[in-house]
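Visitor: Structure incoming, see below.
The values are calculated or read from the model by the stated rules, or taken from the named source; none is laboratory data. On a predicted model such as this, the values are computed, not experimentally measured, just so you know. Reconstructed Cβ throughout: ideal geometry from the backbone, glycine too, with neighbour counts over all protein chains shown.
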Amino acid sequence: MTRLLLTSLLFLTFLCTSVRAQTEPRTLPVRVTDALRFGQTDVFGSARFFGTGGSMTAIGVDGSTLHTNPAGIGWNRFSAAQITPGFALNNLTARLRNGTGNEDTDETKGTFVVPSANIVWASDTRSINWSTFNFGISYTRLADFNETIEYSGRSEGGIIDAIVEDLNDGIFDDFRAGLAERIPGVIQEDDLGFFSDFDLESSLGGEVRRQGRVERTGSLNEIALGFGGNYMEKVLWGFTIGIPVIDFTETKIYDEIDDQDEITFFDNAGFDELLELSGSGVNFKLGVIGRPTDNIRLSAAVHSPTFWTVDEVYETTFEYNYTDNGVGLGGTELSPRSESTYNLRTPWKFYVGGGYLFRDKGFLSVDLDYSNLAGTSFSFDDFATVDEASNADVDRELKGMLGVRVGGELNLKPFQVRAGVGYRQNPVVNLRNDEDEAFLSLSGGLGYSSGKFFIDGALRLEDVNSYYSPYSTFAFDGQVVDTNRSRITGLVTVGFRGF
């Protein structure tokens, strides 16, 4: 009972110090994850674009280039429309690190997608110098968030360790530390600060069984409206207004249990989270393509920052149970439902590329893009302090990101064969958990073109080593789950031209 009295006084102290935090957005470390979610984008496009690894910035003609270099539609002599359905098969293997006898857990998930559709209207200017002035509308997917992580095993420590660290650092909020504070007896305090059952001498080195599941769904897509023109068959230009839209849901379920009585007093704990994001933005793209010879294409494009307005819903549930003198104690607390709106500005993005055409036999092309994710900026109405801390966190944890794509097409009339490879740097400054320093993708495809009708197919393989932490603090990742994600994406494009 002494334990309950002490923690009751502690809870009253918490109420007096947590009023300020009750309506603030989520705690700061997650903003780095948000910056990655909005900044690590890759144009899916049509099956032709996809099959060449997305390396068609300088080649153009395909309406998908409205999302990379809009000057590409300046090559179009005929109007064209196409739609691209497809599928994504995602396999994710996870293993809890630093435990005894932990094994891999596999989760496979398939989703049907329609990642691209576009139409380009070609017009003859009847001018000697300006041979085309074209308009296009395109929709494409920029990021696919669908995946499931499942893990289980035994290891040292508990989520209460992260909460104790938060409290000792003076961090009180209604989504984690605040919930633990409301359950009598969970958090204790002495002259050295806050502590928990896991800090007792009899508990040191003890392992608990834990398991968790993370379910992510949604995508980031963009609608582009653009113009492109052709000046004397030597210089092409293009301009696009982009309207990206995001819809993302993340559900996390985490449980731990002292199944072998290694932690004094402690029985079990759980922490569940729900995050929902929805929003839209606007950006601008300007591009040019030069044709120094009949066979060579050189391109450059610049993308303005995307100015997002994002609605966020976040809520959590914390459970902690323990036994004291044979009496089962503890409980479950639910956070308030946080509904907030914030503004997000992504960094500038720059493209350069080159291509070589083997007359009507095919082409080879290469694209490079660069953006500095440290330039991502958050702003929250009425929470200027959170703005500054969030942006400082992003600036410290993220860096510039280079992407390179190389691809080509062999035209065996009426069939086409395509292949491509993509490389993208990991923009995280400190890679502390053996995640990949760069991401690779391999693409391939086939096409058939006959008069006004064409059909293309493409496959892409991606394999990424990363990690997931079910709970973390400003100082450490509490538990580390190593993950390997293998994704196969297949697209089929059906299109018509010359209408």
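Visitor: Have a look at GLY498, GLY444, GLY420, GLY490 and point out the one that is in contact (Cβ under 8 Å) with a residue 60 or more places away in the chain, among the small types (Gly, Ala, Ser) and on the phi > 0 side of the Ramachandran plot. I'd like the intermediate steps shown before the answer.
Guide: Working: GLY444 fails: on the phi > 0 side of the Ramachandran plot; GLY420 fails: on the phi > 0 side of the Ramachandran plot; GLY490 fails: on the phi > 0 side of the Ramachandran plot.
After applying the criteria, what remains is GLY498.
Visitor: Does region 469-476 contain at least one residue that is touching a residue at least 12 places away in the same chain (Cβ under 8 Å) and closer than 21 Å to THR41 by Cβ?
Guide: Within region 469-476, none of the residues are touching a residue at least 12 places away in the same chain (Cβ under 8 Å) and closer than 21 Å to THR41 by Cβ.
Visitor: Is it the case that ASP166 is in a helix (DSSP H, G or I), of a type in the set (Asp, Glu) and surrounded by 17 or more Cβ atoms within 10 Å (Cβ to Cβ)?
Guide: Working: in a helix (DSSP H, G or I): yes; of a type in the set (Asp, Glu): yes; surrounded by 17 or more Cβ atoms within 10 Å (Cβ to Cβ): yes.
For ASP166, the condition - in a helix (DSSP H, G or I), of a type in the set (Asp, Glu) and surrounded by 17 or more Cβ atoms within 10 Å (Cβ to Cβ) - is met.
Visitor: Within region 220-230, is there a residue that is in a strand (DSSP E or B) and within 27 Å of SER472 (Cβ to Cβ)?
Guide: Taking region 220-230 and keeping what is in a strand (DSSP E or B), we get 220-230.
Restricting the remaining residues to those that are within 27 Å of SER472 (Cβ to Cβ) gives 220.
Yes, the conditions are met somewhere in region 220-230.
Visitor: Shifting gears a bit: Which one is surrounded by the fewest Cβ atoms within 10 Å (Cβ to Cβ) among residues in region 32-55 that are at pLDDT 95 or above and hydrophobic (A, V, I, L, M, F, W, C)?
Guide: Going through the qualifying residues, I end up with LEU36.
Visitor: Right, next: Can you name the residue in region 64-106 that is assigned to a strand (DSSP E or B), over 19 Å from the mean Cα position of the chain (by Cα) and not aliphatic (A, V, I, L, M) and is also farthest from SER131 (Cα to Cα) among such residues? Give the derivation first.
Guide: Let us first name the residues in region 64-106 that are assigned to a strand (DSSP E or B), namely 80-96, 99, 105-106.
Still in the running and over 19 Å from the mean Cα position of the chain (by Cα): 80-86, 95-96, 99, 105-106.
Narrowing the set further to residues that are not aliphatic (A, V, I, L, M) leaves 82, 84-86, 95, 99, 105-106.
Values: GLN82: 24, THR84: 29, PRO85: 33, GLY86: 35, ARG95: 59, GLY99: 67, THR105: 58, ASP106: 55 Å.
My answer is GLY99.
Visitor: Could you tell me whether any residue of region 275-291 is modelled with pLDDT of 95 or more, under 30 Å from GLY228 (Cα atoms) and among the polar types (S, T, N, Q)?
Guide: yes
Visitor: Also: Please go through region 354-371 and pick out each residue that is crowded, with 17+ Cβ neighbours inside 10 Å and under 13 Å from LEU402 (Cα atoms).
Guide: Within region 354-371, the first condition is being crowded, with 17+ Cβ neighbours inside 10 Å, and the residues that meet it are 354-355, 357, 363-369, 371.
Selection gives ASP367, LEU368, ASP369, SER371.
Visitor: Collect the residues in region 240-298 that are of a type in the set (Asp, Glu), touching a strand residue (DSSP E or B) at 6+ places or on another chain (Cβ under 7 Å) and not in a strand (DSSP E or B), keeping them in residue-number order. Give the derivation first.
Guide: As a first pass, look at region 240-298 and keep what is of a type in the set (Asp, Glu): 247, 250, 255-256, 258-259, 261-262, 267, 272-273, 276, 294.
Keeping just the survivors that are touching a strand residue (DSSP E or B) at 6+ places or on another chain (Cβ under 7 Å) gives 247, 250, 255-256, 258-259, 262, 267, 272-273, 276.
If the condition is that a residue be of a type in the set (Asp, Glu), touching a strand residue (DSSP E or B) at 6+ places or on another chain (Cβ under 7 Å) and not in a strand (DSSP E or B), then ASP258, ASP259, GLU262 are the ones that fit.
Visitor: Of ILE160, ILE119, which residue is touching a residue at least 60 places away in the same chain (Cβ under 8 Å) and of a type in the set (Val, Ile, Thr)? Write out each step before concluding.
Guide: On the way: ILE119 fails: touching a residue at least 60 places away in the same chain (Cβ under 8 Å).
From the options ILE160, ILE119, the qualifying one is ILE160.
Visitor: Would you mention how many residues in region 116-126 are modelled with pLDDT under 95 and either crowded, with 19+ Cβ neighbours inside 10 Å or touching a His at 6+ places or on another chain (Cβ under 9 Å) (or both)?
Guide: Looking only at region 116-126, we keep the residues that are modelled with pLDDT under 95, and these are 122-126.
Now narrow it down to the ones that are either crowded, with 19+ Cβ neighbours inside 10 Å or touching a His at 6+ places or on another chain (Cβ under 9 Å) (or both): 122.
The qualifying residues number 1.
Visitor: Among the numbered conditions (1) of a type outside the set (Lys, Arg); (2) modelled with pLDDT under 90; (3) outside any strand (DSSP E or B); (4) surrounded by fewer than 18 Cβ atoms within 10 Å (Cβ to Cβ), tell me where GLU189 comes up short.
Guide: Here GLU189 meets the rest and fails (3).
Visitor: Go through region 247-257 residue by residue and tally those that are surrounded by 22 or more Cβ atoms within 10 Å (Cβ to Cβ) and out of contact with any Lys or Arg (no Cβ under 8 Å at 6 or more places or on another chain).
Guide: So the answer is 0.
Visitor: Any residue in region 200-226 that's free of Cβ contacts under 8 Å to residues at least 24 places away in the same chain: show its pairings with residues that are surrounded by 16 or more Cβ atoms within 10 Å (Cβ to Cβ) and assigned to a strand (DSSP E or B) at Cβ separation under 8 Å, as long as the two are six or more apart or on different chains.
Guide: No pair meets every condition.
Visitor: Being surrounded by fewer than 17 Cβ atoms within 10 Å (Cβ to Cβ), touching a residue at least 40 places away in the same chain (Cβ under 8 Å) and not in a helix (DSSP H, G or I) is the filter here; which residues of region 373-412 pass it?
Guide: Listed by number, the residues that qualify are ASP381, LEU410.
Visitor: For ALA224, are the conditions met, namely being small (Gly, Ala, Ser), surrounded by 19 or more Cβ atoms within 10 Å (Cβ to Cβ), in contact with an Asp or Glu (Cβ under 9 Å, 6 or more places away or on another chain) and modelled with pLDDT of 95 or more?
Guide: On the way: small (Gly, Ala, Ser): yes; surrounded by 19 or more Cβ atoms within 10 Å (Cβ to Cβ): yes; in contact with an Asp or Glu (Cβ under 9 Å, 6 or more places away or on another chain): no; modelled with pLDDT of 95 or more: yes.
No; evaluated as a whole, the condition is false for this residue.
Visitor: Please name all residue pairs, on different chains or six or more residues apart, with Cβ atoms under 6 Å, provided the first residue is in region 92-108 and is under 25 Å from LEU461 (Cα atoms) and the second residue is of a type in the set (Gly, Ala, Ser) and at pLDDT 95 or above.
Guide: Taking only residues 6 or more apart or on different chains, the pairs are THR105/ALA94.
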